[in-house]
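Taking it in order: structure first as structure tokens, then the write-up.
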Amino acid sequence: MNSENLGLCEKRVSPSYVRQGAQARRGHEQLVRHLLEQGKCPEEGWNESTIELFLSELAIMDSNNFLGNCGVGEREGRVASSLVGGQTCCVRSLAGCFVVPMATGMSLTLCFLTLRHRRPKARYIIWPRIDQKSCFKSMVTAGFDPVVVENVLEGDELRTDLEAVERKIEELGAENVLCVHSTTSCFAPRVPDRVEELATICAKHDIPHIVNNAYGVQSSKCMHLIQQGARVGRIDAFVQSLDKNFMVPVGGAIIAGFNESFIQEISRMYPGRASASPSLDVLITLLTLGASGYRKLLKERKEMYTYLAEELKKLAEAHGERLLHTPHNPISLAMSLGSFQARYPEAVTQLGSMLFTRQVSGARVVPLGNEQVVGGHTFKGFMSHSEMYPCPYLNAASAIGITRADVTLCIRRLDKCLRSLKKEAGVAGHKCDGADRGMENHRGAGQDVQEAGSADEGMA
């Protein structure tokens with residue numbers, strides 16, 4: 001509604017009403033102007049009316065929506081259902097980062113393919129082991145040979161073997177190494193790679209460094225590792241998932257870095273012509289939350305990490321197990337399952353299916369001795385990030401958006417599953433019975449989640 005149309009409105013409606021309406025609209029437009037001027041997430045979130053106005057303005061300027069447009073091409077943005085269509089606009093390239101409508105694995109592939117032009121003779125990627133199929137396949141898909149470096153066990157933690165990385169570089173020749181591919185966010189007992197030290201090694205040998213930061217944006221510790229690595233050494237790009245960090249649907253990633261020209265080079269490598277939905281989803285989410293809303297979610301996630309660790313520790317001790325000591329992992333926790341495996345060998349794998357049928361999602365049960373071939377490479381001890389981890393274990397993570405009710409209900413259901421396994425194994429009267437009774441009292445504190453609790457009773 002421009003000034004001319006507002007003037008015409010005064011012929012039909014009282015001018016005072018028109019002026020009030022124009023003033024209200026200017027409030028929305030001012031928020032949009034600040035966004036475009038500053039180019040960053042607003043401090044306070046917008047209401048839905050402002051977001052809809054902004055998206056409508058963008059959609060109107062899309063050529064698919066031009067009035068009188070006559071499309072005779074094979075791709076004209078036509079949709080059969082308005083539920084599918086929604087708004088059509090694209091916000092994709094930003095200074096220093098690139099929003100890609102692909103998952104993290106394929107986004108990593110894009111980084112590797114871009115590096116190929118800079119290092120045409122290189123064929124190897126040095127990769128401190130993390131048992132995640134899409135990460136491994138991202139290197140194979142790009143046509144490179146992953147060189148897997150086994151982690152070292154320090155206490156309960158699996159950490160980067162820096163000496164082994166150095167040896168591999170000397171053995172292969174720095175000129176034959178495309179990059180070092182490190183990881184921040186991961187499942188305990190593996191912890192983030194020693195990114196700072198790896199960045200220093202990469203700078204020393206003039207080797208690119210790509211970081212898989214899949215769900216690390218939500219962790220200040222993971223982001224600090226990347227910042228420090230870039231400060232003291234070399235980090236060419238780091239890739240993070242949209243859904244894992246910004247609570248949007250699956251299917252997008254952000255490729256970011258400290259050298260804008262390299263990020264632009266990656267963006268030119270992308271063939272384009274893909275859905276703008278991931279960009280649009282994260283735009284709407286950040287405008288809704290605002291910077292303060294997102295920071296609040298990050299603060300709550302940290303608090304829930306502490307709560308989850310406390311509850312999991314109590315539960316582990318009640319069942320003769322322990323919470324593995326992994327202080328360098330800021331998101332994921334692990335609880336040992338050694339006594340269950342010793343008494344009832346099938347218990348570990350059975351526990352995973354029991355949790356799944358009781359609607360506990362995200363928990364991972366890792367048995368000993370798994371072996372799997374991925375992309376032609378045989379991983380011994382698959383899922384445990386190590387050929388010889390000392391005990392089976394269960395993972396749980398405190399990721400963005402988790403609530404106290406999620407933790408309470410998970411602990412209650414896990415406790416019931418463990419009790420059921422003990423009963424099947426005929427060890428219900430073991431020495432932890434007293435602690436079990438303590439756990440029974442502890443569970444009573446979570447009865448405020450009445451609806452979830454009653455559903456749990458039904459499943460049990």
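The values are calculated or read from the model by the stated rules, or taken from the named source; none is laboratory data. Just so we're clear, the structure is a prediction, and the values are computed from it rather than from any experiment. All Cβ positions, even for glycine, are placed from backbone atoms using ideal geometry, and neighbour counts span all protein chains on display. Ligands, DNA and RNA are excluded from the accessible area calculation, which covers all protein heavy atoms including side chains. Shrake-Rupley method; radii C 1.70, N 1.55, O 1.52, S 1.80 Å.
Flag not set for S420, criterion: open to solvent by less than 20 Å² (accessible area, probe 1.4 Å) and touching a residue at least 24 places away in the same chain (Cβ under 8 Å).
Taken over segment 351-399, the residue count meeting the criterion of being among the charged types (D, E, K, R), in contact with a helix residue (DSSP H, G or I) (Cβ under 9 Å, 6 or more places away or on another chain) and part of a strand (DSSP E or B) is 1.
In this structure, does A174 turn out to be at pLDDT 95 or above, surrounded by fewer than 18 Cβ atoms within 10 Å (Cβ to Cβ) and either under 24 Å from the mean Cα position of the chain (by Cα) or of a type outside the set (F, W, Y) (or both)? For A174, the condition - at pLDDT 95 or above, surrounded by fewer than 18 Cβ atoms within 10 Å (Cβ to Cβ) and either under 24 Å from the mean Cα position of the chain (by Cα) or of a type outside the set (F, W, Y) (or both) - is met. Filtered by the rule that a residue be open to solvent by 60 Å² or more (accessible area, probe 1.4 Å), more than 22 Å from the chain's Cα centre (by Cα) and under 20 Å from H385 (Cβ atoms), segment 314-366 gives R322, H325, T349.
Within segment 311-324, track down each residue that is farther than 22 Å from Y215 by Cβ and either part of a helix (DSSP H, G or I) or in contact (Cβ under 8 Å) with a residue 40 or more places away in the chain (or both). First the steps, then the outcome.
We begin by selecting, within segment 311-324, every residue farther than 22 Å from Y215 by Cβ; these are 313-322.
If the condition is that a residue be farther than 22 Å from Y215 by Cβ and either part of a helix (DSSP H, G or I) or in contact (Cβ under 8 Å) with a residue 40 or more places away in the chain (or both), then K313, K314, L315, A316, E317, A318, H319, G320 are the ones that fit.
Restricting the first member to segment 27-48 and to residues that are outside any loop (DSSP other than H, G, I, E, B), and the second to residues that are among the acidic types (D, E) and surrounded by 11 or more Cβ atoms within 10 Å (Cβ to Cβ), the beta-carbon pairs closer than 9 Å and six or more apart or on different chains are V32/E57.
Which one of S279, S241 is touching a residue at least 40 places away in the same chain (Cβ under 8 Å), in contact with a helix residue (DSSP H, G or I) (Cβ under 7 Å, 6 or more places away or on another chain), surrounded by 21 or more Cβ atoms within 10 Å (Cβ to Cβ) and of a type in the set (S, T, Y)? Talk me through it step by step, then tell me what you get.
Values: S279 fails: in contact with a helix residue (DSSP H, G or I) (Cβ under 7 Å, 6 or more places away or on another chain).
Only one candidate qualifies: S241.
Applying the condition of being crowded, with 21+ Cβ neighbours inside 10 Å and among the charged types (D, E, K, R) to segment 223-238 and asking which residue is farthest from the chain's Cα centre (by Cα) yields R234. For segment 283-297, the condition of being surrounded by fewer than 16 Cβ atoms within 10 Å (Cβ to Cβ), in a loop (DSSP other than H, G, I, E, B), at negative phi and in contact (Cβ under 8 Å) with a residue 12 or more places away in the chain holds for none of the residues. If you go through segment 239-281 and keep only what is within 22 Å of the chain's Cα centre (by Cα) and among the acidic types (D, E), you end up with D243, D281. Screening L67 on (1) modelled with pLDDT of 90 or more; (2) not in a helix (DSSP H, G or I) shows it passes everything except condition (1).
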